[in-house]
Amino acid sequence: MWRSKSQTEIVSSTLHAENVDVSNGMCDLLPMSDVFNKLCEYLKVERSEESRVIRAFEDNEGALKLANATLW
């Protein structure tokens with residue numbers, strides 16, 4: 001899903017900007033993932049646990065450390 005929109009937030013660092021972007025991306029992705037999971041369940045499609053994992057890719061080391069720190 002791709003869209004263009006005006007900037008809605010002002011951030012003070014690239015770390016914060018990266019964190020906001022990943023967070024917004026996941027907020028868009030989670031409802032679609034839920035629909036996909038329900039569709040697979042309805043159609044009785046077998047899926048591995050690995051295929052149910054949602055991955056976000058990030059290249060900012062500070063944002064990666066922050067994301068990993070909040071996961072555990």
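The values are calculated or read from the model by the stated rules, or taken from the named source; none is laboratory data. What you see is a predicted model, and the numbers here were worked out from it, not measured in a lab.
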Out of all the residues in segment 20-54, which are of a type in the set (S, T, N, Q) and in a helix (DSSP H, G or I)? 23, 24, 33, 37, 51
In segment 1-48, how many residues are of a type in the set (D, E, K, R), modelled with pLDDT of 90 or more and closer than 28 Å to residue 65 by Cα? 1
Restricted to segment 19-55 and to residues being aliphatic (A, V, I, L, M) and more than 21 Å from residue 9 (Cα to Cα), the residue farthest from the chain's Cα centre (by Cα) is 43
